[in-house]
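Encoded as C-alpha cells, the structure appears first; notes follow it.
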Amino acid sequence: MRAPNSRRDDAAPTIESARPGDVVTFPQDPRCHMLAVVLLAGHALRTMNHVRDNVDGGLSGTLILLDILQAERESRAGIRMSNAAPGTGPKLPTPRSLLAITAAVDVPRETVRRVAAALASAGWLQAAPQGGYETSVRARRWFGLDHDLVPYAEFVWTAREVTAALAITSDGIDAWVGAHPWLTALATRREAVPSPAYLKTMPALQEMLGRATADDKERAAGVVDGFLYRHLKRLRATFEGDLLLPLIIGEIAHRNIAMLGHRGDTTHQVTKIGSRFGSDSSEVRGDYLPTNAYSLSQSMGVPDATMRRKIAHLRTREWVSVDSGGNLAIIGEAVRQHSEQCNLDALNDMVAGYRSLAAMGMTT
C-alpha cells in the first residue's frame, strides 16, 4: 500500500483491501473520510474500555491473550482441513511459546512472561506441561459468540456504517449525518448510551447464529477479535508502545465533538469538526464539552498523577492543547497527520472484515 504522502494530487485516495482485487475508494469529499474515522474510533474506544474493565492485565493482557487465541483459531482451522484428509489422525493445536508471543506483539519478553503468568493465575490462560500457554475454557467462552453477542453486533453495525460513510457523496452527506445516531457513535463506553443503535440488530443476529455452525461462529468471532488484535498492535506502533495515549486522545477528541450528537444544522456541525477541531488556540472552543485532567482520571480509572504525566507528554508532542481554565482539546491536524497511516489501515481492516462476514452470511 502506498504511503499517504505518495498519492498523486489528481488521484482519489484508495485503501487496498486485505482481499486481493478488492479496493475501497474514498469519496472526494474529505468529510466522509473524517466521519468514517470518527465512527471507527468510537468503536475502538468502547471496545478498549470494555476489555480494560474485564480482562486481567487490561489492554496489554488483552493483546497477549488475543495473540494466543487467534493463533489457536488458525491452528484449529488448519487441523480441521488436515484431519479431513484420508488416513490422518486427530491433531491438537500446539501451545504458544513466550518467544512466539514476544515476536508477534513486539512487547519485551519479560513483560510477556509476567502478563501471561498473571492471565494464567486469573484463569484466562493455562500453562502447558511442555512449555508455553493455551487459552482456558473461560477465555474461549468469553470471546465466543455464544457468551456475549453485543461486541459482535457492535462491530457489524459500526463496520456497516463505516462502509456507508465511505460510499456517500457530497450531495448526500447532510442527510446521512442528520439521520445517523451520533449519540451511539460518540460514546466511549457501551454503558454511556441508554439504547445503543447496534442493539436493534440483536434479534436478527440471534436468529442468524441459531442457524450457524460451530465452525462459522468461530470464524466470525475470529474476524472481530482479529480486528481488535491488529488494531491494538497498530496503536502501539503509532503511539510509542503506550496504549493509554491513544485512549486518552480518543476520550478528549470525542468529548470535543460531542456537539455532533446534539446537532442543529448538520453541515455547520460537520464543518466545525473538520476545520476547527482542536485548534492550537490558547483558549479551548466554547462549544466543546469541558474536559480536564481530573475528569479524565475519574472517568477512565487512571491515577491522577499518571493522567497528568500523560497529558504533559501529549502537550509536549503538540497533540493536545490546554486553556487557562485547564480545559483540553485535541490539536486535530497534528494528530491526524501522525495517525493517518494507522487510520487508513484500520479502515481497510474493518471494511475487509465486514465484507468477509457478509460473504459468510454472518451479517444482517
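A short reminder: the numbers here are calculations on the coordinates, not readings from a lab. Remember, it's a predicted structure, so these values are computed and weren't measured experimentally. Cβ atoms come from the backbone with ideal geometry, glycine included; neighbour counts cover every protein chain shown.
A few points about this structure:
- Per-pair calculated FRET efficiency, R0 = 41 Å: residue 192 and residue 126 via Cβ, rounded to 0.05: 0.75
- Extending 7 Å from Cα along the Cβ direction at residue 148 and again at residue 337 yields two label points whose distance is 3.9 nm.
- Amide hydrogen proximity for residue 125: with H placed 1.01 Å from N in the peptide plane, the residues at 5 or more positions away or on another chain lying under 5 Å are 120, 136.
- The range 294-364-the range 131-188 distance, computed between alpha-carbon centres (Å): 16
- Rounded to the nearest Hz, the phi-derived 3J(HN,Hα) couplings of the range 93-106 under the Karplus curve 6.51 cos²θ - 1.76 cosθ + 1.60 (θ = phi - 60°) are x, 7, x, 8, 7, 4, 5, 5, 4, 4, 5, 6, 9, 6, where x marks glycine and proline.
- Förster radius 22 Å - calculated FRET efficiency between residue 164 and residue 208, Cβ distance, rounded to 0.05: 0.65
- Extension gain for residue 359-residue 79 works out to 98.5 nm (0.36 nm per residue, less the C-alpha to C-alpha distance).
- Radius 10 Å from Cβ of residue 35, net charge of other residues (Lys, Arg +1; Asp, Glu -1): -1
- Spacing of the modelled spin labels on residue 56 and residue 308, each 7 Å from Cα toward Cβ, amounts to 3.3 nm.
- Most tightly packed first, judged by the mean number of other beta-carbon atoms within 10 Å of their residues, the peptides 225-231, 334-340 read 225-231, 334-340.
- Backbone N atoms of the range 329-364 closer than 15 Å to the 7 Å Cα→Cβ label point of residue 200 belong to residues 364.
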